[in-house]
Amino acid sequence: MQKKIVAATMAALFALLGFMAVMVADFHDRSWPQGLGAQARIALDFDDAQLDRRAATDLVVSVGREHHLGLFKLAPDLDDHRREVFVAMDGAPAGEVAWFGDREPSPVLGVERLADSPPDGTYFVQDPAELDAAIAELTSQGVAVTRLDAAVLDTVLHLALETGFAAPVLAAALLVAALTVFWLASRARSRALRVLGGGSPLRIQAQDVGGYLLLLVGSAVLVAAVAGALVGVLRGGVYVPVFAAGLLLFEAVTLAVSAVVIVVTSCLAWPSADLFATRRPAATTLRGPARAVQAATLIALVACAGPAWTASSDAGQTARQLAAWNEFSDQVSLSFVIEDEHFDVIAPDLARMVAAAESEGAAAMSYTITEADWGGDFGPYSAVSIVNPNWVELVGGSVGPDALVDADSPSTTQMLERELGAQLDLWRRGTDTDGADVLEAVRLLAPAPGVQYPVAGGGSSGELLFRGDVLVLEAPAIGSVFDDDDIANLASTGNIVFTGADPTRERLDAAGLDEAGLASLGVPGELFPMYMAEEGIVQAQFAAYLARLLAVAVAALAVAFAVSAGVNAIVAALLNARRDFPMRLSGGTWERAARPRALRELLIGAPIVAVVLAFHLTDPLALAATAATGAAALAALYFGHGAAAAAVFSRTTRRRL
């Protein structure tokens, strides 16, 4: 029976590790497309190379062919903004490349796709055998090259730095410790009897430790085989090696922890016949390890409950954030490959281009000032964001048409005049209007209750802030708040976004801001559009992954706590059987019989829960979840002792101990 319990629990544990391996495979595939056979990638920077765009592309093609690298460049799909394309630098386009996750397959195109694209960027390498020689050749031409080789371990280490990813690892370790104590407790009497029968303690230790580890290895191999087969059938055989590498890495760590725990614990509970001579229960020596594991699992359980509940309750909000990022999937920001001193030269032409795009609904703007960064007092608001109508329309698809409500009030206007009046005057320098005219023209809005409204962080390209307490200033046009120089700065920081890469490129050409037009203005360099939403989509998807992972981790911790608390209660019941049984036979309840030791457990457990609660005082949702979990755990500790005493009495009367 004990073997079945341990095997079933370990299978569930390794299934948790399998879910983590799926997460690793997905994010590894994003960095190293397995369908493409990517073994390495290089980032090329041609800023210091004396080459024009066409010559630079030709250099990459010739180097890739000469050294048989199998180079592919990742680029946005100009026809379908939901996906990306791979450009075959060796001139051999073919088919599509599938992804492990739920992303659209990426077609493979020929090198002509890069005719109007900068040569800088990331290139995937299929065969890195001669990559060092290729890098040396590129470097000799003044190209800055950064190399990175594919490694599942690097992906795991990168994910391990993310908050919350360590929770399932902690759950696995504590569950292993709890199962180890349970295994040894269930075999304690057998171990003592074997010593009494003349068996060697070392041989008994080897048999029990070996049998336990063999059971764990069998469960790990079974789960790995089934999970690998499922990945191969559902996703494709090309992903099995990456998934298997991640799963085997997690399983190896778990087995290593198991080996250490079983060896240490079995040594602490060294098999001896002295227990029969002193008439003590065989499991007495495991009381210390059981208490230690119980305390550790209690701390971990209540510590993880709050974040897990918050993440789960925020799943809807995460979905809305992902929807907001998807609204930006065809939006581009401008990348400026020019020196700062040339901004004044291009500002008038760029401002006219922005105004034309805005009038056609193709330019959206949001610039957000947070109270913390500003160092002022925004009253009930944590930030002020200046947006144009196109921004409101752009994000309206994800937050809904009623996401903003009127926030105009004399106190709000006074706050804006006090905090931002001078800054608004500065933004209107050189025009015939001032900050007072701006405040008169804007609409003051705020998110409706329960709405986390997306705005762009000030001066931070590609960053969306989701806030429920942001004051939104909807200006009739970008140019009604900012002058030409400030519009150029907003465009360079990604606070102005445009619809579509190809239309934006055409607008730059028409405004004389293409490479040739800039050269005629005496400005070396170029402006080109770049998609802005990919990183945000990845972060939102990671948050959704993490919410599910934390929920599973809390379930595993609950099992570990139940096992360790059960073992501790059983050991305590065995040690107190001579006291408990007469009390029960005289009419007392099992709860009354076990009350003294149960109260001692509460005296130890309650301060632990209180300390953890203190870390969540600023988060009401996490505080409530932690308090509820702590109360349930303490109740389990208290009533578990009475249940254990009843179980020991029942098994004693049936002579099954």
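Of all residues in segment 452-479, which are under 19 Å from THR412 (Cβ atoms) and open to solvent by 30 Å² or more (accessible area, probe 1.4 Å)?
Taking segment 452-479 and keeping what is under 19 Å from THR412 (Cβ atoms), we get 453, 455, 467-476.
ARG467, GLY468, ASP469, PRO476, listed by residue number.
Can you pull out the residues in segment 317-346 that are in a strand (DSSP E or B), modelled with pLDDT under 80 and under 19 Å from SER366 (Cβ atoms)? Break it down stepwise before answering.
Taking segment 317-346 first, the residues in a strand (DSSP E or B) are 331-337.
If we keep only those that are modelled with pLDDT under 80 as well, we get 335, 337.
Selection gives SER335 alone.
Among all residues of segment 568-579, there is at least one that is under 26 Å from ALA171 (Cα atoms), in contact (Cβ under 8 Å) with a residue 60 or more places away in the chain, of a type in the set (Val, Ile, Thr) and crowded, with 20+ Cβ neighbours inside 10 Å. Looking across LEU426, LEU416, LEU420, one residue alone is touching a helix residue (DSSP H, G or I) at 6+ places or on another chain (Cβ under 7 Å) and either open to solvent by 30 Å² or more (accessible area, probe 1.4 Å) or not in a strand (DSSP E or B) (or both). It is LEU416. Residues in segment 480-519 that are open to solvent by 30 Å² or more (accessible area, probe 1.4 Å), among the β-branched types (Val, Ile, Thr) and closer than 14 Å to TYR367 by Cβ: THR493 alone. Residue pairs whose Cβ atoms lie under 9 Å apart, sitting 6 or more positions apart in sequence or on different chains, and linking a residue in segment 21-45 that is on the phi > 0 side of the Ramachandran plot to a partner that is open to solvent by 10 Å² or more (accessible area, probe 1.4 Å) and aliphatic (A, V, I, L, M), are GLY37/VAL238.
Only residues that are outside any loop (DSSP other than H, G, I, E, B) and in contact (Cβ under 8 Å) with a residue 24 or more places away in the chain were counted across segment 55-74, and they come to 13. Taking the condition farther than 11 Å from ILE386 by Cβ and under 33 Å from the mean Cα position of the chain (by Cα), does ASN495 pass? Answer is no for this residue.
Restricting PHE182, PHE165 to those that are aromatic (Phe, Trp, Tyr) and either at pLDDT below 70 or loosely packed, with under 15 Cβ neighbours inside 10 Å (or both) reduces the list to PHE165. Being part of a strand (DSSP E or B) and crowded, with 16+ Cβ neighbours inside 10 Å is the requirement here; does ALA364 meet it? Yes; evaluated as a whole, the condition is true for this residue.
For segment 193-241, the candidate set comprises residues that are β-branched (Val, Ile, Thr) and exposed (fewer than 15 other Cβ atoms within 10 Å of the Cβ); within that set, the residue that is nearest to LEU255 (Cα to Cα) is VAL217. In segment 596-615, the residues that are under 24 Å from GLY642 (Cα atoms) and open to solvent by 60 Å² or more (accessible area, probe 1.4 Å) reach residues that are part of a helix (DSSP H, G or I) and at pLDDT 85 or above with C-beta atoms within less than 8 angstrom, at least six apart or across chains, in these pairs: LEU599/TYR638.
Assess whether ALA628 counts as being part of a helix (DSSP H, G or I) and closer than 25 Å to ALA551 by Cα. It is true that ALA628 is part of a helix (DSSP H, G or I) and closer than 25 Å to ALA551 by Cα. For segment 247-266, a tally of residues being without any contact (Cβ under 8 Å) to a residue 60 or more places away in the chain and either under 25 Å from the mean Cα position of the chain (by Cα) or open to solvent by less than 50 Å² (accessible area, probe 1.4 Å) (or both) returns 4.
The values are calculated or read from the model by the stated rules, or taken from the named source; none is laboratory data. Predicted model only: the values in this text are computed from it and were never measured. Quick reminder, even Gly has a Cβ in these numbers, built from the backbone with ideal geometry, and neighbours come from all protein chains shown. These accessible areas exclude ligands, DNA and RNA; they are computed on the full protein's heavy atoms, side chains included. Shrake-Rupley method; radii C 1.70, N 1.55, O 1.52, S 1.80 Å.
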